[in-house]
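Working notes, structure below.
Each value in this text was obtained by applying a stated rule to the coordinates, not by laboratory testing. Treat the numbers as computed from the prediction; the structure is a model and nothing was measured. Please note: Cβ atoms are built from the backbone with ideal geometry, for glycine as well, and neighbour counts cover all protein chains shown.
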Ligand SMILES: [Zn+2]
């Protein structure tokens, strides 16, 4: 064959291939077009919620008869015109109050309640991290069905990095659950955190990563961030006793130097620090070190409340769990837990007066997940908040603490469609929030709605 003929043949072959490609391409395009007509992209699906009343998380008052338009995973309009709702999917919540998805900023999905030390030890000694993770998948679904569309899970209590995997499984759509921010393993010093009380030659697991000294602490922070920590959790105090002057005293765990190293390292890596601090020294040192939230804060000195208000440090009071575990812990020989309740109430009221930012957090997992964490609302109201303030603590304020205000916490066009509904009026009776019967997360209905 001459070279000229070869060229012609190659050209013919090339044209043939090109037209074959063209046919495939055309076919694919037309199939896509057909699909687009017959099966609209799920991410752009339109849903309307007909809400009998609506709390948007910004105003203290409810609006009546509001139509919420949802498109894909986001809220398109709050107060959409009725005329739009032709042939669209409408979810009838006309006998309900709609509000932004609730946010619990203090949970432990890997824990199944630990009223006594024995409850805690048994979980760490007799349940494998794998088994605990399986239980946690159930807790994540429970949290979502209680109405919590976002949670900040503040450590796994000895279950390693299982919270990061749980978060991944939820985000990948493998299991249902809330949006999660996770703290992974938490930090404490040698001799301060369970399991404790075993013979020196018996090696037992710990509910935290044990660190001593600034360098070890920094390394642990780096390690936890490497494996998925959104937050760093520290235990800043332990061993509580009530002084005659009404001050709840404690043993601070970390030295101030160690705490400062942790906060500095976390902040350098753009992570925030949550500090378990129940009493005088733990709270004070945490604030000196510059943590972002005080967890529990059963007693906070007046000067420290001023510092919190001035710096915008959040207070996550976790009231309900204290009441829930008090009797059991008193029976176990620690009556201080019963007395602590009155101290806690006084601190909560002083914090409100001082203008400290308060975010809703329950310590769910510290009590069994079969108990609805929304019981916390009634305590907040009993101790001086209005229902609207308590709701804001679990929506807009909690979102501010999590740094997700641009996406959740209020019902506004452009934000994620994380919406819940309750049968009554939570402004008149805040325990209505224990009866969430509709949950939508990111435009997808997770509970109720028919
Ligand atoms: Zn906790």
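Find the percent of Cα-Cα distances in the range 192-264 that exceed 14 Å, and round it to a whole number.
Above the 14 Å cut-off, the range 192-264 has 68 percent of its Cα pairs.
What full-extension length gain, to one decimal in nm, is calculated for residue 198 and residue 269 as 0.36 nm per residue of separation minus the Cα-Cα distance?
Length gained, residue 198 through residue 269: 21.9 nm.
Which shape class, rounded, prolate or oblate, goes with the range 350-397 when its Cα gyration tensor gives a ≥ b ≥ c as root eigenvalues, a/c under 1.5 marks rounded, and past that a/b bigger than b/c marks prolate?
Verdict is prolate for the range 350-397.
Given the chain, what whole percent of its Cα pairs are spread farther than 29 Å?
Cα-Cα pairs in the chain separated by more than 29 Å: 51 percent.
Starting from the Cα-Cα distance between residue 405 and residue 389, subtract it from 0.36 nm times their residue separation and give me the gain in nm to one decimal.
Stretched out fully, the residue 405 to residue 389 stretch lengthens by 4.1 nm.
Provide Rg over Rh for the range 184-332; use the alpha carbon set for both Rg and the Kirkwood Rh (inverse mean inverse pair distance).
Reported Rg/Rh (Cα atoms, Kirkwood Rh): 0.97.
Can you give the Kirkwood hydrodynamic radius for the range 98-149, in Å, rounded to one decimal and based on Cα pairs?
12.3 Å
Using only the Cα atoms of the range 384-450, build the gyration tensor, take square roots of its eigenvalues as a ≥ b ≥ c, and label the shape rounded, prolate or oblate: rounded if a/c is under 1.5, else prolate if a/b is larger than b/c, else oblate.
oblate
Between residue 382 and residue 257, how many nm apart are label points set 7 Å from Cα along the C-beta direction?
4.5 nm
Between residue 172 and residue 116, what is the label-point separation in nm under the 7 Å Cα-to-beta-carbon projection?
4.0 nm
Based on the Cα atoms of the range 334-426, what semi-axes does the equivalent ellipsoid have, where each is the square root of 5 times one gyration tensor eigenvalue, given in whole Å with the largest first?
In descending order the semi-axes read 26, 17, 13 Å.
Please report the antiparallel percentage of DSSP beta bridges with both residues in the chain, rounded to the nearest 5.
45 percent
Just to confirm the number: angle between the C-alpha axis of helix 302-311 and the first principal axis of the chain, 0 to 90 degrees, nearest 10?
Between helix and principal axis, roughly 20 degrees.
Need the full-extension length gain, residue 350 to residue 306, defined as separation in residues times 0.36 nm minus the C-alpha distance. One decimal, nm.
14.8 nm
How high is the FRET efficiency from residue 95 to residue 59, r the C-beta distance, R0 22 Å, rounded to 0.05?
It comes out at approximately 0.55.
When the helix-only estimate is applied to the chain (DSSP H runs of n ≥ 4, each -39,500 (n - 2.57), divided by the residue count), what is the mean residue ellipticity at 222 nm, nearest 500 deg cm²/dmol?
Taking each H run of at least 4 residues, the total per residue is -12500 deg cm²/dmol.
So how far apart, in nm, are the two label points at residue 332 and residue 243 if each is 7 Å from Cα heading toward Cβ?
2.7 nm
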